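Take a look at the structure set out below.
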Amino acid sequence: MSEQRIVLGDNQYGKAECRLVRVTRDSPVHTLADLNVTSQLRGDFEAAHTEGDNGRVVATDTQKNTVYAFAREHGVVSPEAFLLRLAAHFTELDWVTGGRWSAEQYAWDRIVTGDGPHDHAFVRNGRSTRTALVHVDEDGTTVLAGLRDCTVLKTTGSEFHGFPRDRFTTLADTDDRVLSTSVTAWWRYADADPARDHDALHASVEALLLATFAEVHSLALQQTVHAMGRAVLEAHPEIVEIRISCPNKHHFLVDLGPFGLDNPGEVFFAADRPYGLIEASLTREGQPPAPAAWASVTGFC
Ligand SMILES: O=c1[nH]c(=O)c2[nH]c(=O)[nH]c2[nH]1
């Protein structure tokens, strides 16, 4: 039997989930950035894997320290800008050909007291988690931004009917139902401009997703998802692609007939599983795709 050659395939390594809180205290009115940062390097790390030769292995501990040192030196203007800076730093090494830098950002609002918004006391805003990802490979740098766990619900303005019926179909047509979902969205910027106002864009995209969910009279969650993505691409030419994943958080009308009660769309059982899972991606026609960057985002179609 001829001897088989075993080759090292894709590999990456780094420090995952560096919890970073950066306080800006240039004035008595402090600001706060609360992040969870992951740094992963790709490149020529063959010798480390095959020989245990660490000559090129930037320790994950060093990667973690760089996160905190850069936060002090440069601040956190936005998660995207912060990740771009980390990416530029590590890819200065000639054997680091790329990598993946990602962050979650948790929002804090100022506590409002009788005297107004407080200078240095905050309350966590759990509305959604902001996400960002910078992917670098030989084809260039891709910036993705997103959000997750943005749970929304509308009590009417949603229908679902006209679907095929077979002997397994029990779902009744409805022209008035509760529609609820938890939006996960990722969008891709046309380029990796670190000077882009990522914070303003993120706020605008979140507002567009919410307004569209509210305003579109929905004939299916698929239609709502499509409208949300379309609204974002129409409003922001610098965004070339958006992917949206929406679990259909079913609310079933409870049959109160056994208790002699009607139920005109007022009492629901909020099921948590199973749930429909509706996902779609929308792209601006003619834009080059970025499959490698998307491959590093899990759980999307
Ligand atoms: O908006 C919906 N889309 C579906 O595909 C679907 N399927 C289902 O059972 N309910 C719903 N609702």
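Whole number in Å², please: accessible area per residue of the range 9-138, 1.4 Å probe, ligands, DNA and RNA not counted.
Computed with neighbouring chains in place, this is 53 Å² per residue.
So, in Å, what gap is there between the alpha-carbon centers of the range 117-136 and the range 22-42? Cα centres, the range 117-136 to the range 22-42: 10 Å. Which of LEU282, LEU93, LEU210 moves most in a GNM of the chain, Cα contacts under 10 Å? Of LEU282, LEU93, LEU210, the most mobile in the Gaussian network model is LEU93. How big is Rg to Rh over the chain, alpha-carbon atoms, Rh as the Kirkwood inverse-mean-distance radius? Result: Rg/Rh = 1.06. A cut-off of 5 Å between modelled amide H atoms, ignoring neighbours fewer than 5 places along the same chain, links GLU279 with CYS246. Could you tell me what percent of the DSSP beta bridges with both partners in the range 158-301 are antiparallel, to the nearest 5? Once the DSSP bridges in the range 158-301 are tallied, antiparallel ones form about 95 percent. Other residues lying with their Cβ under 11 Å from the Cβ of PHE268 contribute a combined charge of +1, Lys and Arg counting +1, Asp and Glu -1. Per-residue surface analysis assigns LYS249 an accessible area of about 70 Å², computed on protein heavy atoms at 1.4 Å probe radius. Taking 0.36 nm per residue of separation and subtracting the Cα-Cα distance, full extension of the segment from SER2 to THR24 would add 1.6 nm.
Applying 0.36 nm per residue to the separation of GLN12 and TYR68 and subtracting their alpha-carbon distance, the gain on full extension is 18.1 nm. For the range 1-64, GluC sites (Glu not before Pro) meeting the loop criterion (DSSP other than H, G, I, E, B) and having at most 14 other Cβ atoms within 10 Å: GLU3.
The values are calculated or read from the model by the stated rules, or taken from the named source; none is laboratory data. Note that this is a predicted model, so its numbers are computed, not measured. Backbone-built Cβ (ideal geometry, glycine too); neighbour counts: all protein chains shown. The area values use the complete protein model at the heavy-atom level, side chains included, leaving out ligands, DNA and RNA. Shrake-Rupley method; radii C 1.70, N 1.55, O 1.52, S 1.80 Å.
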